[in-house]
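What follows is a single structure, written as structure tokens, with notes after it.
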Amino acid sequence: MKLDYTLDQKVPLIKSVLFGIQWAAVLIPSIIILGEVAAGVHLLDASGQIHYIRILLLVCGVTLLCQILWGHKLPLIPGPSAVLLIGIIAGRNAGNDAIYTSIMIGGLLIVLLSASGLFRFLRNLFTVNVITVVLLLIAFLLPPTIVDLILDNQTGIRALDNLFFALALILLTFLFYRLLKGIWRSTLIIWAVVAGVLLYYMFFPGELKEIDTLKNIAPESLFDHITFPLSLEPGLILSFIFCFIALSVNDLGSIQSVNELLEIKDQNKRITRGIFMTGIANILSGFMGVIGPVNYSLSPGIIISTGCASRFSLIPAAFISLLLALLPAATGIIAMTPPVVIGALMAYMMGTQIASGLMLAVKDRSEGFQYEDALVIGASIFLGLITVFLPEQIISLFHPTLKPLVGNGLVIGVLSAIILEHVALKKRSAIR
């Protein structure tokens, strides 16, 4: 692969800014989409949503700077973790302090595992089949939240109109995914957000009145809603520990993909530093009361399409994120993205997530994809989905410590996959 700028090569200022804008175009939409979903889980009002997204912009900007300067030192974008979103949805009845205390503890666990070298032993549990289950379950557990966003009963628009609009936007996004190439495909989400907002207000101009509410929103300090006092819920903490183990494996895969693409020599050191920094970032996120970040796996496509692998080209993207965090009005406009658009693009993203899971399940297997592999994946996903449909009165019968575990489909699914893979059925080789 021919690169115009290599990993540690400095980029001229103007080009660096242009590359940084492209990286920011990948980072910002993920913060908007997952940030609004998480804020919606907490039933925050418009002011609360803006504040939540501002803190996410701050955390992701700081995390990006720290990763490229002291962490993995690779051109990788961090963004809110969909795995942790599953944990937040499952534990929303425990209260915000308990949720974000658990995220802090989960981040601390990742720090300890990476610093002590114990993470490499944990990796052996997460074979190709188990990681496939994680990827697929993330997508399969989010439809109820996505449906609520698409139908959006809080506006005067008919649910059926919202549904048709969302379906059309999803299909158009997949169509343009096929038609676009290079950097245009890599930044498709940002164009889909812009187009979705413009089209929605063109078809439903009455909803533009919501923008008037921005002038009545008083900006809050970024430190107004820190997680204090700490709230320790053992069951919820254990539930998030499973989520964080899955997050760390996701982080590993993202770092490794860039390591392999750029043929990095000191890969293990970069993995250790990168996961360590991700743990620190999640401790910060829990303290600030927002969903924690993970390194995204989109970077190889951007590197190939731009020909730039310089980690320094991401510094402007970090500063753009930090600047937006300090501008409540700009963040407010971003936060006014209609829930229907957010839901439609979440559906698109989960479609790509399922595709990634299926590709991982069948590729690079010396023995082929066998019935036992399909059984581990299928049975684990089925058991995880059953958990979601358990009536609340059944879950209430469990000990309070076990409720967050029993009610979390990702935890049950991953536990089932590990047991089936390593105990009930033949053990498979882990991704190393």
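The values are calculated or read from the model by the stated rules, or taken from the named source; none is laboratory data. Computed from a predicted structure; not experimentally measured. We place every Cβ from the backbone using ideal geometry, glycine too, and count neighbours over all the protein chains shown. Just so you know, the surface numbers come from the protein's heavy atoms only, side chains and all, with ligands and any DNA or RNA stripped out. Shrake-Rupley method; radii C 1.70, N 1.55, O 1.52, S 1.80 Å.
What's the number of the condition Ser297 fails, among (1) part of a helix (DSSP H, G or I); (2) out of contact with any Phe, Trp or Tyr (no Cβ under 9 Å at 6 or more places or on another chain); (3) buried (at least 18 other Cβ atoms within 10 Å of the Cβ)?
Against the list (1) part of a helix (DSSP H, G or I); (2) out of contact with any Phe, Trp or Tyr (no Cβ under 9 Å at 6 or more places or on another chain); (3) buried (at least 18 other Cβ atoms within 10 Å of the Cβ), Ser297 comes up short only on (1).
Does any residue of segment 37-55 turn out to be at pLDDT 90 or above and either in a loop (DSSP other than H, G, I, E, B) or β-branched (Val, Ile, Thr) (or both)?
There is at least one residue in segment 37-55 that is at pLDDT 90 or above and either in a loop (DSSP other than H, G, I, E, B) or β-branched (Val, Ile, Thr) (or both).
Collect the residues in segment 386-397 that are modelled with pLDDT of 80 or more and not in a helix (DSSP H, G or I), keeping them in residue-number order.
Hits for segment 386-397 are Phe389, Leu390, Pro391, Leu397.
From the residues in segment 32-54 that are under 18 Å from Gly87 (Cβ atoms) and among the β-branched types (Val, Ile, Thr), which one is farthest from the chain's Cα centre (by Cα)?
Val41
Just to be sure, is Ile99 of a type in the set (Val, Ile, Thr), within 30 Å of Phe319 (Cα to Cα) and open to solvent by 10 Å² or more (accessible area, probe 1.4 Å)?
No.
Quick check: is even one residue across segment 308-329 part of a strand (DSSP E or B), under 30 Å from Leu232 (Cβ atoms), in contact (Cβ under 8 Å) with a residue 60 or more places away in the chain and open to solvent by less than 30 Å² (accessible area, probe 1.4 Å)?
Looking through segment 308-329, none of the residues is part of a strand (DSSP E or B), under 30 Å from Leu232 (Cβ atoms), in contact (Cβ under 8 Å) with a residue 60 or more places away in the chain and open to solvent by less than 30 Å² (accessible area, probe 1.4 Å).
Yes/no matrix, rows are residues, columns are (1) under 17 Å from Ile241 (Cα atoms); (2) over 19 Å from the mean Cα position of the chain (by Cα); (3) in contact (Cβ under 8 Å) with a residue 24 or more places away in the chain:
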| residue | (1), (2), (3) |
| --- | --- |
| Ala94 | yes, yes, yes |
| Ala98 | yes, yes, yes |
| Ile103 | yes, no, yes |
| Val130 | yes, no, yes |
| Asn153 | no, yes, no |
| Leu180 | no, yes, no |
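Check off (1) modelled with pLDDT of 90 or more; (2) buried (at least 24 other Cβ atoms within 10 Å of the Cβ) for Lys73 and give me the number that stays unchecked.
(2)
Criterion first (under 20 Å from Asp251 (Cβ atoms), buried (at least 20 other Cβ atoms within 10 Å of the Cβ) and of a type in the set (A, V, I, L, M, F, W, C)) does Leu65 satisfy it?
Criteria not met by Leu65.
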